[in-house]
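Accompanying notes for the structure given below.
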Amino acid sequence: MNNSILEKDRLNTKEWESICRKCAKCCYEKIDLGCGEIVYTSEPCVYLDTVTRMCKIYENRHEIEPDCLKLTEDLIREINWMPPDCAYLEYLSQKDTLQTVRAIERSKRGKQGKTRRF
Ligand code: SF4
């Protein structure tokens with residue numbers, strides 16, 4: 001994953017969409033069995049080109065198919081049905097880890113600064 005993308009608080013649309021691997025795994029019907037268990041079926045969305053794994057109506061998908069969700073960082077954090085190897089889950093995991101490391105570094109620098117004053 002591109003480190004410059006991980007360092008940014010906000011991504012523009014092009015940067016956000018560049019994270020997706022275009023595997024299309026999220027474009028198959030899913031069954032929620034409850035208790036957090038999701039089963040992916042082999043039934044693709046009717047608008048998925050299963051050869052190229054690209055959406056045939058990508059630019060207008062939300063107008064044509066209202067059930068198609070716009071994937072955002074907040075939504076990805078909220079839903080439990082993205083495939084475990086989805087690039088967005090990997091991105092968020094790496095981003096959270098990086099932010100934790102940065103917070104620890106800032107905290108250590110703050111403590112070092114206070115120590116020097118005494
Ligand atoms: S599962 Fe994730 S990486 Fe694959 S197409 Fe869907 S959003 Fe992109």
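Read the figures in this text as sums done on the coordinates, not as results from a lab. Everything quoted here is computed from the prediction, not taken from an experiment. We place every Cβ from the backbone using ideal geometry, glycine too, and count neighbours over all the protein chains shown.
Here are the numbers for this structure:
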| quantity | calculated |
| --- | --- |
| Computed over the chain: relative contact order in percent, which uses C-alpha pairs under 8 Å that are six or more apart | 24 |
| Reachable lysines from Lys111, criterion Cα separation under 30 angstrom, eight or more residues apart if same chain | Lys8, Lys95 |
| Pairwise label distance in nanometres, Lys25 with Asn80, each label 7 Å out on the Cα-Cβ vector | 1.8 |
| Inter-site label distance for Ser4 and Lys108 at 7 Å from Cα along Cβ, in nm | 2.7 |
| Inter-label distance, nm, simple model (7 Å from Cα along the C-beta direction), Ile64/Glu15 | 3.0 |
| Extreme residue, positive dipole direction of the stretch 23-70, given options Val46, Cys68, Ile57 (C-beta unit charges) | Ile57 |
| Under the Debye formula (equal points on every Cα, no solvent term), log10 I(q)/I(0) of the stretch 23-70 at q = 0.14, 0.15, 0.20, 0.30 Å⁻¹ | -0.38, -0.43, -0.70, -1.15 |
| The chain: angle of helix 87-117 to the longest principal axis, Cα-based, in degrees nearest 10 | 10 |
| Tail weight of P(r) past 20 Å, computed on alpha-carbon pairs of the chain, percent | 55 |
